[in-house]
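Written below as structure tokens is the structure these notes are about.
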Amino acid sequence: MIEQFETTGFICAEEKTSYGKYEAIKPYFYDDKRKIALYNGDALNLLKRVPDKYIDLIFADPPYFGNQSGLVIKRNDGHADSFDTQKAQWAYSKSLNYQFEFHYSWLKEAQRILKEGATIWVTGTYHSIGVINVVLQDLGFKILNDIILHKRNAPPNFKGSCFRAVTETMLWAKKNTKGRTKFNYKVMKELNGGIQMKNIWEYWAEKNPFRHPATKQTIVLEYVILAGSNECDLILDPFAGSGTTGYVAQGLNRKCIMIEIDSNYCQLIKDRIEGKYGEFRRKTKTKREVQKPASQVC
Ligand SMILES: C[S@@+](CC[C@H](N)C(=O)[O-])C[C@H]1O[C@@H](n2cnc3c(N)ncnc32)[C@H](O)[C@@H]1O
């Protein structure tokens, strides 16, 4: 089954029916033209089916496990009437032991499937990112940067109980300490007006016409994918959510595999990739790309 990857670009249950001890699985959605595959299932199992050293870049926005309040907060700030902090079950609070085991399981597989020199980008809340940081180090990843995502129009702290949280941390790490890091330094510098790019990325969050409580902004994925991969590279997102990674990857002419456990979100991802919420529009371009748009067929 996995051999199909080379020809189609994805893990598809086509001619062969098994890979090793596993039965073949069919993607929920596979777009041959855009080179995007989506699997509806548990990343902890599905990642085991990807061959060693296969992936050029991983972006992951795993469950946060920090949602402790269970509150439905009433709002009087002109936005929606209330904000249900417990809507997303995957964000529910879990013990530290559980969190360590969860992150250890998927990050171990992520490390195995990354090519040498390739990188992983992991976002999290201020609770979850601490656990992820320790697990990355324990597994022997090389942490390259902590990138601060500064949302300039972040909502207020509704209760006024602490500071307004406007940032999120994204850890950028290499598979291990060996070899050269896959990093398009010059492209990022050019996108930043010829100045070396900092580890603080500021942006204005845009509203989406669909519902997912944790959709990442496309500009963040645009930077990640441009910095850590090249055209036709294969990208993987094990916690796809609303599919931002695949949506941006196809727009930047990269192949992408996504995994999402919730089938309702899978339908949303499919719709999004097919352009039902609008075609991807790139926000950044280097001078060369403005003059000569990418055209490589993958
Ligand atoms: C923080 S959201 C990701 C949001 C995504 N970055 C986006 O831009 O839409 C995490 C997603 O992981 C999914 N998820 C949780 N546990 C999972 C698992 N074990 N395997 C695969 N997906 C999982 C949730 O359903 C949720 O949609």
Original post:
Is it true that residue 256 is among the hydrophobic types (A, V, I, L, M, F, W, C), away from the ligand (no atom under 15 Å from the Cβ) and out of contact with any Pro (no Cβ under 8 Å at 6 or more places or on another chain)?
Top reply: no
**OP:** For the stretch 89-103, enumerate the residues that are surrounded by 15 or more Cβ atoms within 10 Å (Cβ to Cβ) and assigned to a helix (DSSP H, G or I).
**Re:** 90, 91, 99, 100, 102, 103
Original post:
Among the residues of the stretch 31-44, which ones are under 18 Å from residue 90 (Cα atoms) and surrounded by fewer than 15 Cβ atoms within 10 Å (Cβ to Cβ)?
Top reply: 42
**OP:** For residues that are surrounded by 14 or more Cβ atoms within 10 Å (Cβ to Cβ) and touching a residue at least 24 places away in the same chain (Cβ under 8 Å), tally how many sit in the stretch 164-194.
**Re:** 17
**OP:** Can you tell me which residue within the stretch 195-217, out of those that are more than 10 Å from the ligand (Cβ to nearest atom) and aromatic (Phe, Trp, Tyr), is surrounded by the most Cβ atoms within 10 Å (Cβ to Cβ)?
**Re:** 201
**OP:** Output the residue which, of all residues in the stretch 91-120 that are within 11 Å of the ligand (Cβ to nearest atom) and touching a strand residue (DSSP E or B) at 6+ places or on another chain (Cβ under 7 Å), is farthest from residue 57 (Cα to Cα).
**Re:** 92
Subject >> Members of the stretch 25-63 that are more than 21 Å from residue 173 (Cβ to Cβ), within 14 Å of the ligand (Cβ to nearest atom) and touching a helix residue (DSSP H, G or I) at 6+ places or on another chain (Cβ under 8 Å) >> reply: 25, 28, 38, 39, 40
Original post:
Cβ-Cβ below 7 Å, separation at least six or inter-chain, first residue in the stretch 275-288 and at negative phi, second in a loop (DSSP other than H, G, I, E, B): which pairs?
Top reply: 277/209; 277/210
Original post:
List, please: which pairs have Cβ atoms under 7 Å, are six or more places apart or on different chains, and start with a residue in the stretch 27-52 that is over 21 Å from residue 112 (Cβ atoms) and part of a loop (DSSP other than H, G, I, E, B) and end with one that is of a type in the set (Ser, Thr, Tyr) and away from the ligand (no atom under 15 Å from the Cβ)?
Top reply: 32/8
Subject >> Hey, residue 243 among the small types (Gly, Ala, Ser) and either within 13 Å of the ligand (Cβ to nearest atom) or surrounded by 18 or more Cβ atoms within 10 Å (Cβ to Cβ) (or both) or not >> reply: yes
**OP:** Answer yes or no as to whether residue 231 is surrounded by fewer than 24 Cβ atoms within 10 Å (Cβ to Cβ), away from the ligand (no atom under 14 Å from the Cβ) and free of Cβ contacts under 8 Å to residues at least 60 places away in the same chain.
**Re:** no
**OP:** Residue by residue through the stretch 125-150, note down the ones that are at pLDDT 95 or above and outside any helix (DSSP H, G or I).
**Re:** 140, 141, 142, 143, 144, 145, 146, 147, 148, 149, 150
Original post:
When you scan the stretch 104-124, how many residues do you find that are in a strand (DSSP E or B) and basic (Lys, Arg)?
Top reply: 1
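The values are calculated or read from the model by the stated rules, or taken from the named source; none is laboratory data. Because the structure is a prediction, the values reported are computed rather than measured. Cβ: placed from backbone, ideal geometry, glycine included. Neighbour counts: every protein chain shown.
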